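Have a look at the structure below, then the notes.
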Amino acid sequence: MSLQQPESPPRRDSLASLFPSEEEEERKGPEAAGAAAAQQGGYEIPARLRTLHNLVIQYAGQGRYEVAVPLCRQALEDLERSSGHCHPDVATMLNILALVYRDQNKYKEATDLLHDALQIREQTLGPEHPAVAATLNNLAVLYGKRGRYREAEPLCQRALEIREKVPTPLPDPEEPLSCVALPMHPEHVLGADHPDVAKQLNNLALLCQNQGKFEDVERHYVRALSIYEALGGPHDPNVAKTKNNLVRTSAGVGCLPWGGT
């Protein structure tokens, strides 16, 4: 598959599908094809958007985009009226709507919305917030689906760097986590050996593999494998998946279709 083959329909048979991205972590069945901004590294969907988020997943999972899209748009308008455009909840809604568009192969619309969400999150939450990493990863996935691997790689790399030092909040048992900037305390840093880091390394390896950067591919997979083995032991399913990726790399598998991580 050519690296410069944009806008082609996503394939489901590539290694990329083994390591789901933010929204796919929330999907409960193989038929679900909706959008979500899932909890990652200390960030989760704000409470006031959680019910809407679940409805969007339900409708989109049924292929009822004619319901899911207006639902998202109406919520976005309501949020902008009540909170203004530059608000973290608006960014979350933009992210959800973008991922619905992505599932419909409306890549340009999805890209524009994700860039808008990224700008809002950087301004309101700070450039190293986990929500910023989530949006960067979703943008990288979108570019990967379009065959734009060179543009996707630095986005994925930056998401990795954020995840390596993102703070882990101490949850209040009475309240859900909110979409707020979190203080950086060394004892709460996820660090280089967190599973979120391993997942990001797998995404980065796939992007490098599609560009023929095989030394980088092996380095990223080896590091991801060591994280999974340390955390889950040799029987962790992610260990087998990552070993399979390494075997394919060693076998000289070149450009792979981006299947939708």
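The values are calculated or read from the model by the stated rules, or taken from the named source; none is laboratory data. Quick caveat: nothing in here was measured; it's all calculated off a predicted structure. Positions of Cβ are generated from backbone atoms using ideal geometry, with glycine treated the same way; all protein chains shown enter the neighbour counts. Heads up: the accessible areas ignore ligands, DNA and RNA and are worked out on the full protein's heavy atoms, side chains in. Shrake-Rupley method; radii C 1.70, N 1.55, O 1.52, S 1.80 Å.
Listing for the model above:
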quantity	calculated
Hey, Pro173 at pLDDT below 90 and under 30 Å from His87 (Cβ atoms) or not	yes
Of the criteria (1) modelled with pLDDT under 90; (2) under 23 Å from Val141 (Cα atoms), which one Gln62 fails	(1)
Residue within the stretch 102-109 that is more than 21 Å from Lys199 (Cβ to Cβ), within 17 Å of the chain's Cα centre (by Cα) and either modelled with pLDDT of 95 or more or of a type outside the set (S, T, N, Q) (or both) present	yes
Selection within the stretch 110-151 - within 15 Å of the chain's Cα centre (by Cα) and over 17 Å from Glu161 (Cα atoms)	Ala110, Thr111, Leu113, Leu114, His115, Ala117, Leu142, Tyr143, Gly144, Lys145
Long-range neighbours under 7 Å by Cβ, at least six apart or interchain, first residue assigned to a helix (DSSP H, G or I) and of a type in the set (D, E, K, R) within the stretch 152-178, second at pLDDT 55 or above and surrounded by fewer than 18 Cβ atoms within 10 Å (Cβ to Cβ)	Glu164/Gly191; Glu164/Ala192
Residues of the stretch 90-121 satisfying the condition of being open to solvent by 60 Å² or more (accessible area, probe 1.4 Å) and of a type in the set (Asp, Glu)	Glu109, Asp112
Any hit, the stretch 70-82, residues being within 26 Å of Ala205 (Cα to Cα), of a type outside the set (Lys, Arg), open to solvent by 50 Å² or more (accessible area, probe 1.4 Å) and at pLDDT below 95	no
Members of the stretch 217-236 found to be more than 20 Å from the chain's Cα centre (by Cα) and open to solvent by 50 Å² or more (accessible area, probe 1.4 Å), listed by number	Glu218, Arg219, Val222, Ser226, Glu229, Ala230, Leu231, Pro234, His235
Any hit, the stretch 203-215, residues being part of a loop (DSSP other than H, G, I, E, B) and either in contact with a strand residue (DSSP E or B) (Cβ under 8 Å, 6 or more places away or on another chain) or modelled with pLDDT under 90 (or both)	no
Inter-residue pairs, beta-carbon under 7 Å, first part of a loop (DSSP other than H, G, I, E, B) and of a type in the set (Gly, Ala, Ser) and in the stretch 239-261, second at pLDDT below 85 and open to solvent by less than 30 Å² (accessible area, probe 1.4 Å), 6+ apart	Gly259/Ser14; Gly259/Ala16; Gly260/Ala16
